[in-house]
Amino acid sequence: MPALCEHLAAAQPHHPNTTGCEECMKTHSQWVHLRTCLTCGHVGCCDQSPNRHATKHFHATNHPVITSKEPGEHWRWCFVDEEFAD
Ligand SMILES: [Zn+2]
Ligand SMILES: [Zn+2]
Ligand SMILES: [Zn+2]
């Protein structure tokens, strides 16, 4: 069992700032799935969504870890190391 990267090991649960993707709500865009940034609570849309705001948030801020905001999903993802954790 490989050790988690430092980002996943340090990531703590964070309450989502919004109920939907922050940027998509402003522009009335559609999203597929939602992701929550564990550094600041930013909610962004996934890479299957047209605008990919979760990935754009990482490139804009370097906040490394997101978690799924979808009901029943609890995984985390580190953008830096491209590593999943359950
Ligand atoms: Zn990492
Ligand atoms: Zn979005
Ligand atoms: Zn963030």
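The set of residues from segment 62-76 being hydrophobic (A, V, I, L, M, F, W, C) and more than 13 Å from ligand 3 (Cβ to nearest atom) comprises just one member, Trp75. Of all residues in segment 21-47, those satisfying the criterion of being more than 8 Å from ligand 2 (Cβ to nearest atom), charged (D, E, K, R) and under 27 Å from Glu6 (Cβ atoms) are Arg35, Asp47. When Asp86 is tested against (1) among the acidic types (Asp, Glu); (2) at pLDDT 95 or above; (3) away from ligand 2 (no atom under 15 Å from the Cβ), just one condition goes unmet, and that condition is (2). Check whether at least one residue in segment 33-52 is aliphatic (A, V, I, L, M), within 16 Å of ligand 1 (Cβ to nearest atom), within 23 Å of Gln12 (Cβ to Cβ) and open to solvent by 40 Å² or more (accessible area, probe 1.4 Å), and report yes or no. Looking for residues that are aliphatic (A, V, I, L, M), within 16 Å of ligand 1 (Cβ to nearest atom), within 23 Å of Gln12 (Cβ to Cβ) and open to solvent by 40 Å² or more (accessible area, probe 1.4 Å), one finds none in segment 33-52, hence no. Among the residues of segment 1-52, just one is in a strand (DSSP E or B), farther than 18 Å from Asp86 by Cα and touching a Gly at 6+ places or on another chain (Cβ under 8 Å), namely Val43. Considering segment 1-32, and only residues there that are within 16 Å of ligand 1 (Cβ to nearest atom), without any contact (Cβ under 8 Å) to a residue 24 or more places away in the chain and of a type outside the set (A, V, I, L, M), the residue that is most open to solvent (accessible area, probe 1.4 Å) turns out to be Glu6.
If you filter segment 53-86 down to residues that are assigned to a loop (DSSP other than H, G, I, E, B) and of a type in the set (A, V, I, L, M, F, W, C), you find that the one that is surrounded by the most Cβ atoms within 10 Å (Cβ to Cβ) is Phe79.
The values are calculated or read from the model by the stated rules, or taken from the named source; none is laboratory data. Since the model is a prediction, treat every value here as computed from it, not as a measurement. Cβ atoms come from the backbone with ideal geometry, glycine included; neighbour counts cover every protein chain shown. Side chains included, ligands, DNA and RNA excluded: accessible areas come from the protein's heavy atoms. Shrake-Rupley method; radii C 1.70, N 1.55, O 1.52, S 1.80 Å.
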